[in-house]
Amino acid sequence: MRFKNPEKVVKITVIALAIYLVAFGLAMAFFPIRPFWNDEWRLIYNLKFKSTAQLWGRLDLLQECPRVYLTLLKLVTSFFDYSYIALRTPALVLSILNIFFLFSLRKKLFGSNNIYSYLFVLILISSQTFTDYMVQVKHYEMEIFATLVALWQLISLLKISEEGMQRNKGNYLLLCISCMVVPFFSYTYPIAVAPVFPVILFHLIVAKKEQTSNKRLSLFAMLLPLVLLAISILIFYLVDVKQVMTNQRMYQSYLHVLHNDSGEKRYLADAWYLFALVGSGFVYEIVLGILGIAAFLYSLYRLAAVKKQAYHKEDLLLLYSIILIFLTIFLLVTGKIIGGVARLTSFTVPAIAIMIVFFLGRLKNNKRYRIVSYLVAIVLFLGLTGNIISSCIGNFTYVEYKNRLMTYLNTEKAIKEARQEKIPVMYTAAIDGDIRNDSAATPGKIKTNTITREQIAGVDTLCGEVILKVSPAYETWDPIPVYEMPDTKWLNNYVQQLPQQYNSALVFDGTTYKKMLR
């Protein structure tokens with residue numbers, strides 16, 4: 001039995017999946033069911049305990065984030081006193097914008113009658129970076145948004161070149177504004193937009209286009225956004241990116257944590273994961289890896305076979321994608337970016353998705369391979385759909401979730417009760433949500449002010465004091481004294497070690513808390 005309108009079925013399915021994602025995002029943002037974790041703790045600490053001016057210097061705890069985005073994030077979150085909702089909502093808003101943006105770009109890139117074009121949307125919203133960081137206090141949803149803007153800028157320039165300025169005045173103004181503003185919000189945008197320069201120059205020189213009545217004006221109109229873009233990227237580098245490039249401690253920490261080494265060459269592995277990590281899960285990493293490489297090789301062949309003066313929009317989009325992949329591989333080989341981590345190369349996902357869609361479309365147009373294209377597309381649709389569903393559910397079903405959620409909720413309750421009673425909080429390392437076995441033979445010593453210079457400079461293991469103080473319940477304007485205990489076996493001894501002015505304390509072991517008298 002054949003569907004009368006398969007494109008409509010696919011469209012409805014993709015929209016339903018997008019709504020499903022947004023619904024989960026809303027639940028995670030407006031209800032405290034998604035505990036914060038290591039990277040979020042570190043960035044929130046900078047938001048809460050640094051002034052706006054200090055955010056433009058070196059960040060603490062091995063963190064980097066585009067400073068304009070971080071400044072706006074501080075303005076929003078501080079206005080709402082760093083509440084859970086305020087910390088979760090900005091990323092969610094960007095995620096929703098990205099979904100709408102993807103549907104809009106789909107039509108601009110592939111037209112409205114290409115059933116495979118919905119794979120472009122599905123590949124992006126099912127990618128690990130998109131689903132993992134939908135509500136996280138990080139900048140990766142902004143990185144995705146900026147990458148999509150780079151694609152839109154390319155499409156807009158090509159459209160202006162073909163149709164002229166008169167029909168695109170509003171679009172041209174928005175294009176120029178975006179070229180001046182967007183670079184300051186993303187570290188990977190300059191990489192994602194870099195291929196636009198050679199593609200547009202190539203288009204102006206070689207590609208076939210209609211003659212305009214005023215060539216000089218047309219050339220100026222095409223080049224002005226690129227000039228504005230280059231100037232903005234240069235300024236962004238000087239005021240922001242330069243700090244990231246000189247942060248060797250963070251780079252070495254990434255190498256150690258992510259690859260358990262400090263410089264092992266992984267060229268082939270990094271090149272493979274560049275394509276494979278478009279997928280999620282062992283099987284679909286292999287599927288997307290093989291398909292992505294095949295689409296890349298097809299794109300190279302297609303461009304090599306195109307005759308001079310016969311380049312079309314599809315060819316220019318493939319040229320953009322190929323240049324971006326080569327540029328990324330160069331940056332991986334030279335150690336400018338770290339490979340094998342989905343979020344660090346997520347700016348290549350739209351380009352790889354474009355190549356895959358055009359590749360499957362070409363197979364579909366060839367009678368010999370039509371069935372193959374259908375089968376591959378079906379496997380992708382089913383797999384990506386399953387990944388979206390399972391990724392959302394996975395946020396609440398991993399092994400440590402129950403304990404970490406309980407720790408997060410009880411941390412908030414403990415802090416609030418301690419503030420009301422004006423007593424200190426005594427906590428253990430289990431405040432990070434991991435279960436520990438207290439078996440100390442003898443009592444140790446309690447500690448305070450554990451956020452040392454070494455912690456600030458950046459170490460792989462975060463101290464419990466940071467985790468406690470970044471809790472939305474901990475008020476910067478009404479701080480409470482906090483003390484770290486070595487374990488929970490010798491509680492009476494540890495309470496006795498408190499300064500004399502305290503007759504009691506609220507003792508917290510990560511999952512339970514109680515008030516204890518001296």
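The values are calculated or read from the model by the stated rules, or taken from the named source; none is laboratory data. This is a predicted model, so every value here is computed, not measured. Note that we place each Cβ from the backbone using ideal geometry, even for glycine, and neighbour counts take in every protein chain shown. Areas reflect the complete protein model, heavy atoms only, side chains present, ligands, DNA and RNA absent. Shrake-Rupley method; radii C 1.70, N 1.55, O 1.52, S 1.80 Å.
Points worth noting:
- Test: residue in region 454-465 that is among the polar types (S, T, N, Q) and open to solvent by less than 60 Å² (accessible area, probe 1.4 Å): yes
- Failed item, numbered, when Thr512 is tested on (1) open to solvent by less than 50 Å² (accessible area, probe 1.4 Å); (2) of a type in the set (Val, Ile, Thr); (3) in contact (Cβ under 8 Å) with a residue 60 or more places away in the chain: (1)
- Count - residues of region 357-367 that are open to solvent by 70 Å² or more (accessible area, probe 1.4 Å) and modelled with pLDDT under 90: 2
- Output for region 141-159, where each listed residue is open to solvent by 10 Å² or more (accessible area, probe 1.4 Å) and in contact with a Lys or Arg (Cβ under 9 Å, 6 or more places away or on another chain): Trp152, Ile155, Lys159
- Selected residue (only one of Leu317, Leu268 is aliphatic (A, V, I, L, M) and touching a helix residue (DSSP H, G or I) at 6+ places or on another chain (Cβ under 7 Å)): Leu317
- Scanning region 271-305 for residues that are hydroxyl-bearing (Ser, Thr, Tyr) and either open to solvent by 40 Å² or more (accessible area, probe 1.4 Å) or more than 20 Å from the chain's Cα centre (by Cα) (or both) yields Tyr273, Tyr284, Tyr298, Ser299, Tyr301.
- Residues located in region 58-94, provided they are assigned to a loop (DSSP other than H, G, I, E, B) and surrounded by 15 or more Cβ atoms within 10 Å (Cβ to Cβ): Arg58, Leu59, Asp60, Leu61, Leu62, Gln63, Glu64, Cys65, Pro66, Tyr82
The rows are residues; the columns are (1) open to solvent by 30 Å² or more (accessible area, probe 1.4 Å); (2) under 30 Å from Thr512 (Cβ atoms); (3) charged (D, E, K, R).
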| residue | (1), (2), (3) |
| --- | --- |
| Gly386 | yes, no, no |
| Phe396 | yes, yes, no |
| Glu400 | yes, yes, yes |
| Ile415 | no, yes, no |
| Arg419 | yes, yes, yes |
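- Considering Arg42, Arg67, the condition of being farther than 24 Å from Val181 by Cα and either modelled with pLDDT of 95 or more or basic (Lys, Arg) (or both) is satisfied by Arg42 alone.
- Segments classed as helices (runs of 4 or more DSSP H), wholly inside region 95-197, with at least 2 members that are touching a residue at least 24 places away in the same chain (Cβ under 8 Å) and within 16 Å of the chain's Cα centre (by Cα): 118-126, 128-132, 140-163, 189-193
- Failed criterion for His312 (all others in (1) loosely packed, with under 15 Cβ neighbours inside 10 Å; (2) modelled with pLDDT of 90 or more; (3) not polar (S, T, N, Q) hold): (2)
- Residue tally, condition open to solvent by less than 20 Å² (accessible area, probe 1.4 Å) and either out of contact with any Ser or Thr (no Cβ under 8 Å at 6 or more places or on another chain) or free of Cβ contacts under 8 Å to residues at least 60 places away in the same chain (or both), over region 468-494: 8
- Residue within region 10-18 that is open to solvent by 60 Å² or more (accessible area, probe 1.4 Å) and farther than 17 Å from Leu119 by Cβ present: no
- Enumerated helices (runs of 4 or more DSSP H) restricted to region 412-518, each holding at least 2 residues that are more than 26 Å from Ile85 (Cα to Cα) and touching a helix residue (DSSP H, G or I) at 6+ places or on another chain (Cβ under 9 Å): 453-457
- Positions within region 317-353 being in a helix (DSSP H, G or I), touching an Asp or Glu at 6+ places or on another chain (Cβ under 9 Å) and touching a residue at least 60 places away in the same chain (Cβ under 8 Å), in sequence order: Leu332, Val333, Ala342, Arg343, Thr345, Ser346, Phe347
- Count of residues meeting criterion [in a loop (DSSP other than H, G, I, E, B) and surrounded by 16 or more Cβ atoms within 10 Å (Cβ to Cβ)] in region 38-57: 1
Conditions tested, residue by residue: (1) closer than 27 Å to Val283 by Cα; (2) of a type in the set (S, T, N, Q); (3) surrounded by 15 or more Cβ atoms within 10 Å (Cβ to Cβ).
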residue: Gly340; (1), (2), (3): yes, no, yes
residue: Met355; (1), (2), (3): yes, no, yes
residue: Val379; (1), (2), (3): yes, no, no
residue: Leu382; (1), (2), (3): yes, no, no
residue: Lys422; (1), (2), (3): no, no, no
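- Scanning region 391-400 for residues being without any contact (Cβ under 8 Å) to a residue 40 or more places away in the chain, of a type outside the set (Val, Ile, Thr) and assigned to a helix (DSSP H, G or I) gives a total of 1.
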